[in-house]
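Bear in mind these aren't lab numbers, they're just calculated from the coordinates by the rules spelled out. Quick caveat: nothing in here was measured; it's all calculated off a predicted structure. Every residue, glycine among them, receives a Cβ derived from its backbone with ideal geometry; neighbour counts consider all protein chains shown.
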Amino acid sequence: MLRGLMMDNPLLISSLLDHAAQNHADTEIVSRTVEGPGKDGTGAIHRYTYADAQKRAKQLAQALARLGVVAGDRVGTLAWNGYRHFELYFGVSGMGAVVHTVNPRLFLEQLVYIVNHAEDKYVFFDLTFTQLVEKLAPLCPAVKGWVAMTDRAHMPPLKIPALLCYEELVGAESGHYDWPSFDENTASGLCYTSGTTGNPKGVLYAHRSTILHAYAASLPDVFNCSARTVILPVVPMFHVNAWSVPYLAPLNGAKLVFPGAGMDGKSLYELFEAEKVTTTAGVPTVWLGLLAFMKQNNFRFSTLKTAVVGGSAAPPAMIASFRDDFGVTCQHAWGMTEMSPLGTLCTLKGTQEALSPAKRFEIECKQGRVIYGVKMKIVDGEGRELPRDGKAFGDLLVRGPCVLREYFKDEGGSPLRVDEKGNGWFPTGDVATIDADGFMQITDRSKDVIKSGGEWISSIDLENIAVAHPAIAEAAVIGVPHPKWDERPLVVAVKRPGAAVTREELLEFYEGKVAKWWIPDDVTFVEQLPHTATGKLLKTQLRQELKDYRLPT
Ligand code: ADP
């Protein structure tokens, strides 16, 4: 093999911030903080630039070194999307340590497990999580210090040993610091899957995988990010690196807007308008709240063009509302923690733009085409590849340089399935179709698909129809045992406040929308549905709660 003769510069995360600081020095990073209105009365908005962020990330790296953090150490965060969290992304990874973003919405036992399993040396936390830290600290004895992400004036009255102040640590350093250079396959970040069953498992990202992913995620058919973009990640930075936004923004010199803890419709809308946001990303639940707020107040977006929605299936009604009511393109995306996380995103091809509006919409509701670097296929129960015809559905497998090979500390052995050529594929746990144009559509989670008379029924399709009914706020569809058909679908639905609908009316609503044998057998109305810490329907719990349920005969 003849080796290429190009420079062997490793792909390191610190280079993203250096690039932005040099070429987009004045581009702003705006954050809604959690420390309340400032003394000058300007409100709780903080703003600075990439040049400022670079200096402070370097000061942070110096402070970490002074605290004894060395390459490979894990540094935990319990924090919202904000500028200090951004500094941690770069300060920690930049010095060769690993930024471990902990999801504060998990249950206490899971948090204790995760912090101890990761062996976090220090944990940085936003003031919102002070009480949580008070409970957590005694149960995580290996953590050497807990750093409140604030200044001395706002320090919480916390009675734990080794409480430190972020601004004091950073303020004591000069910022005259050269990022170290090392192998691009060095670990940079750690994120645990929410684990609806069993213990959470750690996904350990590398500098190389993070940069390759940020490159691919920047492209026009993905985030379409540029130096003219103003991007606001609603998806939290503790949720798979906010889908790469904190990395791809400096790569492109985009203005970054961080919403802090303000995920409600009003707070988001104010920030979208005040900062002229063009692009945003988040899970469906957040958009439901925002769209309802917009409609109630008859508001319009003046600059927003694109909303990326993923993490769970975007209801078609939401995709349509973004476009028809607000003139915003809603791009459906699919991914998972193990994939850094983006797998697919839905944008039309040139040849599809001439299709009828109905046909275009049908495509836009799919999860979309793979981003560069991801390979995917669907297989049957025996591992045989299924056709890409948009009809056959099977287990979705993926591979690529930003896809997990094994979990942190080899939890659970190798998760990969090896094909006849010896290539390892990661089983996503999703069931999907892929069409001839490469558009993938999730039909279900492997565990949630309803098996009726030897055929499969997609619970997601049935849920989408239920929530399209004007009286339904949220719905889950699960399979319940049936003497003849093995399983039959049951709709578990939450009504909108003040709305009325009967079981019969909802079942009638399915007619003509799906094959007759897909129409659910029954409906039960509930006050609320169980969710995971990341806001997904927790169907394992629902099945457990309804295990004695009998279908009407
Ligand atoms: P994330 O933290 O990014 O949500 P998780 O690893 O927690 O990722 O969950 C990934 C799973 O979420 C996927 O395997 C899939 O089942 C589901 N998911 C993500 N996006 C979508 C989507 N657009 N449509 C349907 N399911 C989705």
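Here are a few things to note about the model shown:
- Remark: the stretch 487-492, residue by residue, has Karplus-estimated 3J(HN,Hα) of 9, 9, x, 10, 8, 10 Hz, where x stands for each Gly or Pro and the curve is 6.51 cos²θ - 1.76 cosθ + 1.60 at θ = phi - 60°.
- Theoretical FRET efficiency, 1/(1+(r/R0)^6), r = Cβ-Cβ of Asp183 and Arg405, R0 25 Å, to 0.05: 0.95
- Taking amide H as placed 1.01 Å from N in the peptide plane, Lys495 has its amide H under 5 Å from the amide H of Ala473, Val526, each at least 5 places away in sequence or on another chain.
- From phi via Karplus (6.51, -1.76, 1.60), per-residue ³J(HN,Hα) for the stretch 211-217 in Hz, x at Gly/Pro: 6, 4, 5, 5, 4, 5, 6
- The slack in the chain from Lys266 to Phe525, taken as 0.36 nm per residue of separation less the alpha-carbon distance, amounts to 90.3 nm.
- Cα→Cβ-extended label distance, 7 Å offset, between Asn199 and Lys391, nm: 4.7
- Helix-only mean residue ellipticity at 222 nm for the chain, each DSSP H run of n ≥ 4 adding -39500 (n - 2.57), per residue, nearest 500: -8000 deg cm²/dmol
- In this label model, Phe299 and His19 are separated by 3.4 nm, measuring between points 7 Å along each Cα→Cβ vector.
- Counting only residues at least eight positions apart within a chain, or on another chain, the aspartates and glutamates with an alpha carbon under 17 Å from that of Lys484 are Glu455, Asp521, Asp522.
- Long pairs among Lys121/Lys536; Lys305/Lys391; Lys375/Lys536; Lys201/Lys547; Lys135/Lys159; Lys201/Lys409, criterion Cα-Cα beyond 21 Å: Lys121/Lys536; Lys305/Lys391; Lys375/Lys536; Lys201/Lys547
- Volume per residue of the convex hull around the Cα atoms, evaluated for the stretch 69-206, comes out as 107 Å³.
- When only the Cβ of Lys, Arg, Asp and Glu is charged (+1, +1, -1, -1), the dipole of the stretch 450-545 relative to its Cα centre reaches about 180 debye.
- Semi-axes of the equivalent ellipsoid for the stretch 443-527, Cα gyration tensor, largest first, Å: 22, 12, 12
- Just so you know, the averaged projected area of the alpha carbon convex hull for the stretch 194-353 sits at 10.1 nm².
- For the chain, the spread of Cα positions along each principal axis, largest first, Å: 73, 64, 51
- Stretch gain in nm, segment Lys513-Lys276, where the contour uses 0.36 nm per residue and the Cα spacing is subtracted: 81.4 nm
- Size estimate for the stretch 14-282 follows the Kirkwood approach: the inverse of mean 1/r over distinct Cα pairs works out to 18.5 Å.
- Coupling constants for the stretch 430-441 follow from the phi torsions by the Karplus curve (6.51 cos²θ - 1.76 cosθ + 1.60, θ = phi - 60°), and in residue order they are 9, 10, 8, 10, 10, 9, 5, 8, x, 7, 9, 10 Hz; glycine and proline get x.
- Counting neighbouring beta carbons within 10 Å and listing from fewest to most, the residues Trp425, Trp518 come out as Trp518, Trp425.
- Chain lengthening between Arg496 and Thr128 when straightened (0.36 nm per residue, less Cα-Cα): 129.5 nm
- Counting beta carbons within 10 Å around each of Thr130, Thr428 and listing the fewest first gives the order Thr130, Thr428.
- Within the chain: Cβ-based charge dipole about Cα centre, in debye rounded to nearest 20 (Lys, Arg +1; Asp, Glu -1): 240
- Amide H contacts of Gly390: Ile434, Asp435, Ala436, each under 5 Å away and 5 or more positions distant or on a separate chain (H built 1.01 Å from N in the peptide plane; Pro and chain starts excluded).
- Computed P(r) (all Cα pairs; the stretch 333-479; 5 Å bins; percent): 2, 9, 16, 20, 20, 15, 11, 5, 2, 1, 0
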